[in-house]
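The values are calculated or read from the model by the stated rules, or taken from the named source; none is laboratory data. On a predicted model such as this, the values are computed, not experimentally measured, just so you know. We place every Cβ from the backbone using ideal geometry, glycine too, and count neighbours over all the protein chains shown.
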Amino acid sequence: MSMRLELLKQLLAVPSPSRREEAMVAFLAEHIRQRGVERCGQMMTDEWHNVCIRKGKPGIVPCVAAHLDTVFEPANVKVMEKLGVVFGKDERGDYAGIGCDDKAGVYVCLELLEKFDDIMVILFASEEVGGLGAQHAPAEWFKDVGYLIAYDCPSRGFVSYTCGGVRLFANDGEFIQKAAPVMAAHELTTWQHHPFTDVKILRRRFDFSCLNLSCGYYQWHRSDEFILVPEVEAAVTAGAALITALGHRSYPFALGTPDHAKPLYEITESGF
């Protein structure tokens, strides 16, 4: 397999229940140290256990995001992979949750971090208990964000049009007009109203355009959850194509901005 499967399995093996993400923060700090500044940039954290990784020269950058926490308590669970499916099993051999939501997204972000010279990664704590990390992440971290692509949609092909009723971009804006053909080429074509994730909070705090995309996890929050490796790979490939197309510039969309244009695509009811 072309992807760094071992890194994905290592992320899934680190316990990170909401409000107790210290072990994951430590893992990421060591990962960044081992990979080096040139590959991964500099990492910052805050008191809420949010993580910000900034790579490259000063100026406007694309930002990719996911969340660190999971709904599962620490347990003796083995992360396994068989025929491109990653899952967990406990000591009895029963399926057990390993935090596929949203460590698949964390993995995608770490891969994209190494593909671009100037980029930011922000990984939020406590999304599963109301997006506390996104609410409290330092505003200073976001001052150079030109746009943000989050990875907290299940399976493959999903795109959030709204999140908790909050619009993520303007229908007639240059941002989505540049992004939509790239997403279509990578089969990101199922547009839905997402119930909740960190982008809802970010769009209420900041005026940059956002996307929220699939990253290959299934049966989230259940003991039989799993990740399909080819779909994680597809998320990385599509993310790289999107960042290349959108570039290193700002795409503002202030909350409450009038947008009378019709969507460029059909929007279905939420399947999440």
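Answer yes or no: is there a residue in region 50-68 that is out of contact with any Ser or Thr (no Cβ under 6 Å at 6 or more places or on another chain), free of Cβ contacts under 8 Å to residues at least 60 places away in the same chain and among the basic types (Lys, Arg).
Quick first cut of region 50-68, residues out of contact with any Ser or Thr (no Cβ under 6 Å at 6 or more places or on another chain) only: 50, 52-59, 61-67.
Filter once more, so that each one left must be free of Cβ contacts under 8 Å to residues at least 60 places away in the same chain: none.
There is no residue in region 50-68 that is out of contact with any Ser or Thr (no Cβ under 6 Å at 6 or more places or on another chain), free of Cβ contacts under 8 Å to residues at least 60 places away in the same chain and among the basic types (Lys, Arg).
Restricting to region 221-264, what's the tally of residues that are part of a loop (DSSP other than H, G, I, E, B) and surrounded by 20 or more Cβ atoms within 10 Å (Cβ to Cβ)?
Within region 221-264, residues that are part of a loop (DSSP other than H, G, I, E, B) and surrounded by 20 or more Cβ atoms within 10 Å (Cβ to Cβ) number 3.
I need the helices (runs of 4 or more DSSP H) fully contained in region 92-185, keeping only those with at least 1 residues that are over 23 Å from Leu11 (Cβ atoms) and in contact with a Gly (Cβ under 9 Å, 6 or more places away or on another chain).
Hits in region 92-185: 174-185.
Yes or no: region 239-254 includes at least one residue that is touching a Ser or Thr at 6+ places or on another chain (Cβ under 6 Å), farther than 26 Å from Lys103 by Cα and modelled with pLDDT of 95 or more.
Checked region 239-254: at least one residue is touching a Ser or Thr at 6+ places or on another chain (Cβ under 6 Å), farther than 26 Å from Lys103 by Cα and modelled with pLDDT of 95 or more.
Quick one: in region 223-268, which of the residues that are within 16 Å of Arg156 (Cα to Cα) and not aliphatic (A, V, I, L, M) is farthest from the chain's Cα centre (by Cα)?
Thr268
Every residue in region 236-251 that is under 20 Å from Gly105 (Cα atoms) and out of contact with any helix residue (DSSP H, G or I) (no Cβ under 6 Å at 6 or more places or on another chain), please.
Selection gives Thr237, Ala238, Ile243, Thr244.
How many residues does region 186-199 contain that are under 19 Å from Val145 (Cα atoms) and surrounded by fewer than 23 Cβ atoms within 10 Å (Cβ to Cβ)?
Taking region 186-199 as the starting set, the residues that turn out to be under 19 Å from Val145 (Cα atoms) are 197-199.
When the remaining residues are screened for being surrounded by fewer than 23 Cβ atoms within 10 Å (Cβ to Cβ), the result is none.
Count: 0.
Scan Phe116, Phe142 and give me the residue that is in contact with a strand residue (DSSP E or B) (Cβ under 8 Å, 6 or more places away or on another chain), under 19 Å from Phe253 (Cα atoms) and not charged (D, E, K, R).
After applying the criteria, what remains is Phe142.
Please specify each residue of region 1-32 satisfying the condition of being in contact (Cβ under 8 Å) with a residue 60 or more places away in the chain, more than 19 Å from Cys52 (Cβ to Cβ) and of a type in the set (Lys, Arg).
If the condition is that a residue be in contact (Cβ under 8 Å) with a residue 60 or more places away in the chain, more than 19 Å from Cys52 (Cβ to Cβ) and of a type in the set (Lys, Arg), then Arg4, Lys9 are the ones that fit.
Based on what the data block shows, is Ala125 surrounded by 23 or more Cβ atoms within 10 Å (Cβ to Cβ), within 18 Å of Leu211 (Cα to Cα), at pLDDT 95 or above and within 18 Å of the chain's Cα centre (by Cα)?
Numbers: surrounded by 23 or more Cβ atoms within 10 Å (Cβ to Cβ): yes; within 18 Å of Leu211 (Cα to Cα): no; at pLDDT 95 or above: yes; within 18 Å of the chain's Cα centre (by Cα): yes.
Answer is no for this residue.
For region 43-80, which positions are among the acidic types (Asp, Glu) and either out of contact with any strand residue (DSSP E or B) (no Cβ under 6 Å at 6 or more places or on another chain) or buried (at least 22 other Cβ atoms within 10 Å of the Cβ) (or both)? Spell out how you get there, then give the answer.
Quick first cut of region 43-80, residues among the acidic types (Asp, Glu) only: 46-47, 69, 73.
Listed by number, the residues that qualify are Asp46, Glu47, Asp69.
Would you check which residues across region 93-122 are among the aliphatic types (A, V, I, L, M) and either at positive phi or at pLDDT below 95 (or both) and list them?
If the condition is that a residue be among the aliphatic types (A, V, I, L, M) and either at positive phi or at pLDDT below 95 (or both), then no residue fits.
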